[in-house]
Each structure stands twice: as C-alpha cells, then as structure tokens.
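Asks: This is the structure I have questions about; it appears just below.
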Amino acid sequence: MPIVNIDGAFDLHIHTKPSLFNRTLNDIDMAKHAAESGLRGILVKNHFESTVGRAELADYVVDGTRVFGGLVLNRFAGGINPVAVENALGLGAKEIWMPTVDAKQHCDVFGGCGGYSYQKTDANVVHEPVSVLGEDGALTQDAKDVLTLVKEADVILGTAHISKEEVFLLAQFAKDIDFKKLLITHPYFDPPKLNIDEQRALVDLGATLELCAGNIYPIPGTARLDDYLATIEALGVKNLIIASDAGQPRKSMPAEVIRVFTQCLMEKGVTQEMIDMMIKINPAVLLGLE
C-alpha cells in the first residue's frame, strides 16, 4: 500500500488562538506547522473575531505556506451583517461563514448559543440566535446581500452551522445569481446533518462539500470513514474538498489529521489522484489560486 502524499495540500478549516475556546496554537505557530508539514496554504477560522488581519500577519512572518482568513457572522459581527462582510472582503477575507455557535439551528441542537454541550465560554451576555430567514421563512435581504457581496469578491461562502432548510435556500439563491463558491461546511456534523441524497441535491445546485476529517474524532464523533467513502462514491471528487476542522487540543495537529484521514481513504480504494483533487486542486480553485 503506498503512502499518501499531502505535499501541496490546503486546509481551509483550522481553528487557532486566541479564542474563547481552547486551541492548540496561535496563527503564526500554526503557519509554521503547515509549512513544516508541506501544506501549500491554510485558512484560519475563529467563532468570535475576524481572522483576516491575523492571517495577513502570519502570512507575512512565515515562509513556505500561505495563510488566509475570514469572518464568521456570529453576534460579534452583528449577525448577517453586509457592512461587516463588505469590510472583511475589502481587507482580504477569503471566506465568509454563516453563523456557527450563534446560528439558530446550532443553539437548538446544543441547548443554547455561544458554545457546545462539551465546550463553553465565560460569556454572560444573553443574545438572540442568528438566522438567514425572515418571519416569512424566506431568505432575508441581508442574507441575499451578503451572498451577492461574496460573489462579487469571488471568494468562498461557508454555510457553517445553519439548518439544512437554510442551506438549501442559500444554495438555490446562489444558483439563481450564478455564484459558484458556496461551500457546504462539514455536512456530517449536526448541524446541518445532511444525508447522501441531500448532499447530491446541493451539488446539483452548484455547491461544493467540505468533508472535515476531524469529525471522525471522538468529539464531535459525528461521522465514520464509511460515510465519507459513500459521499465520494456518490458525488465524485470534483465536487468535494477535504479539510481538518482541527486546532483543538482533543485532535491531532491539522496536517496529521488530513494525512491519516487521506491514508485511510487510500487504503479503502481512493487513489492519490482523487485525493489530490480534494486537498490540492479544488481548494486552490476556491481560493482563486488556479
């Protein structure tokens, strides 16, 4: 059995510190890890602040890899806030995420906003959950404006922790405006907890799926290797990327998460060429580097 080659890979879903949740490394040390591991680039994410400026600094300091940042539309950013998005894009954001820990569906699943059942902050200010839907059940104008701004900037929009209903309405609007960089965040995580048929329908609407290798770890433990193999077989690698969703102390280092995961895929019949499409080619296209 050959050894998988992840040289030149991207990881578009890494968590770094400072954060209100416990993280393993700061942006600069994570960039050094990426460079030492042969990764071509990483995208750092934070539930509680923009990572755009942080990423630019790490990218300047560390040679041998690229570092990109983005903005999550949680309450700290004003929720679904086109002004915050426009500013983040102007500063160089490569991905805008819909809400994560403040998304209405996340709050419903985990019994409150701002954290998880297994991961909390010390925040005390109570705030309302965030949704992309209005009282009429349709996308709000702000949600449409955000998607339009992201399309004009030609960067990624990640669906994050919104409900599958919200994901599908975003995907339909993305198709309507010919936006081709809608990225369905960790489809096996709950939320959005998408089955194969739902994943296929989203691909048919033009979306790309982000398979997060770290979801196999005991926490969150929301997926099995066989789930990912089923997705790859059903949807084809041209519609998929692989990311780690790592950076937490309970998981291995991000590059190692990707290496072990892709080695397991290879030992189940996925070829190096297929893996390259998911960890090297497709992420580069989403980042505008190819």
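Asks: Over all directions, how big on average is the projection of the convex hull of the alpha-carbon atoms in the chain, in square nanometres? Numbers along the way, then the final one.
Replies: Values: hull surface 54.5 nm².
Its Cα hull, projected and averaged over all orientations, spans 13.6 nm².
Asks: Cβ under 12 Å from His186's Cβ, His186 left aside: what net charge do those residues give with Lys, Arg +1 and Asp, Glu -1?
Replies: Values: positive: Lys45, Lys193; negative: Asp190, Glu210, Asp227, Asp245.
The answer is -2.
Asks: Which of the lysines could be linked to Lys175 by a straight reach, that is with a Cα gap under 19 Å, when you skip same-chain ones fewer than 8 residues away?
Replies: List returned: Lys144, Lys151, Lys164, Lys238.
Asks: Return the long-range amide H neighbours of Gly158 (sequence gap of 5 or more, or a different chain), with a cut-off of under 5 Å between placed amide H atoms.
Replies: Amide H neighbours of Gly158: Ile96, Trp97, Met98, Leu183.
Asks: Report the FRET efficiency, 1/(1 + (r/R0)^6), for Met1 and Ala230, where r is their Cβ-Cβ distance and R0 is 25 Å, rounded to 0.05. Intermediate results must be reported in sequence, preceding the final value.
Replies: Working: r = 21 Å, r/R0 = 0.86.
My answer for the efficiency is 0.70.
Asks: Here is a follow-up. Give me a comma-separated list of calculated 3J(HN,Hα) values for the stretch 3-12, in order, Karplus coefficients 6.51, -1.76, 1.60 applied at θ = phi - 60°, integers in Hz, x for any Gly or Pro.
Replies: Karplus values, whole Hz, x for Gly and Pro: 8, 5, 10, 9, 4, x, 6, 10, 10, 9.
Asks: Further question: Add +1 for every Lys or Arg and -1 for every Asp or Glu among the other residues with Cβ under 11 Å from the Cβ of Ile219, and state the total.
Replies: On the way: positive: Arg250, Lys251; negative: none.
Result for the neighbourhood of Ile219: +2.
Asks: Quote the relative contact order of the chain in percent (integer), defining contacts as alpha-carbon pairs under 8 Å separated by 6+ residues.
Replies: Working: 584 pairs, mean separation 52.9, N = 290.
Dividing the mean separation by the residue count of the chain yields 18 percent.
Asks: Order these peptides, 91-99, 222-230, by their mean beta-carbon neighbour count within 10 angstrom, highest first.
Replies: 91-99, 222-230
Asks: Apply the Karplus parameterisation 6.51 cos²θ - 1.76 cosθ + 1.60, with θ equal to phi minus 60°, to every residue of the stretch 166-174 and state each ³J(HN,Hα) to the nearest whole Hz, in sequence, with x for glycine and proline.
Replies: Running phi through 6.51 cos²θ - 1.76 cosθ + 1.60 with θ = phi - 60° gives 5, 4, 5, 5, 4, 5, 5, 5, 4 Hz.
Asks: While we're on this one: From the square roots a ≥ b ≥ c of the eigenvalues of the alpha-carbon gyration tensor of the stretch 139-209, which class results: rounded (a/c under 1.5), prolate (a/b over b/c), or oblate?
Replies: Numbers: a/c = 1.79, a/b = 1.55, b/c = 1.16.
Note, shape of the stretch 139-209 comes out prolate.
Asks: Asn22: net charge of surrounding residues, Cβ under 14 Å, Lys/Arg +1, Asp/Glu -1, itself excluded?
Replies: Result for the neighbourhood of Asn22: +4.
Asks: Tell me, what ³J(HN,Hα) does each residue in the stretch 80-86 have, in order and in whole Hz, if you take phi through Karplus 6.51 cos²θ - 1.76 cosθ + 1.60 with θ = phi - 60° and put x for Gly and Pro?
Replies: Working through the residues one at a time gives 6, 10, x, 5, 4, 5, 4 Hz.
Asks: Along the charge dipole of the chain, Cβ charges K/R +1 and D/E -1, which of Pro191, Leu133, Ile28 sits furthest on the positive end?
Replies: Selected residue: Ile28.
Asks: Moving to a separate point now. Arranged from highest to lowest average of other beta-carbon atoms within 10 Å per residue, in what order do the peptides 255-262, 47-54 appear? Numbers along the way, then the final one.
Replies: Details: 255-262: 21.9, 47-54: 19.6.
Result, highest mean Cβ count within 10 Å first: 255-262, 47-54.
Asks: Please report His186, His127 as a ranked list, fewest other C-beta atoms within 10 angstrom at the top and most at the bottom.
Replies: Ascending number of Cβ neighbours within 10 Å: His127, His186.
Asks: Another question, if that's okay. Would you work out the charge dipole size for the stretch 33-108 about its Cα centre, treating the Cβ of every Lys and Arg as +1 and the Cβ of every Asp and Glu as -1, and quote it to the nearest 20 debye?
Replies: Working: 7 positive and 9 negative charges, 22 e Å.
Charge dipole of the stretch 33-108: 100 debye, to the nearest 20.
Asks: Under unit Cβ charges (Lys, Arg +1; Asp, Glu -1), what dipole magnitude, rounded to 20 debye, does the stretch 10-286 have relative to its Cα centre? Could the numbers behind the result be given before it?
Replies: Details: 26 positive and 37 negative charges, 119 e Å.
Magnitude of the dipole: close to 580 debye.
Every number in this text was worked out from the coordinates using simple rules, so none of it is lab data. Everything numeric here is computed off the predicted structure, so don't read it as measured data. We place every Cβ from the backbone using ideal geometry, glycine too, and count neighbours over all the protein chains shown.
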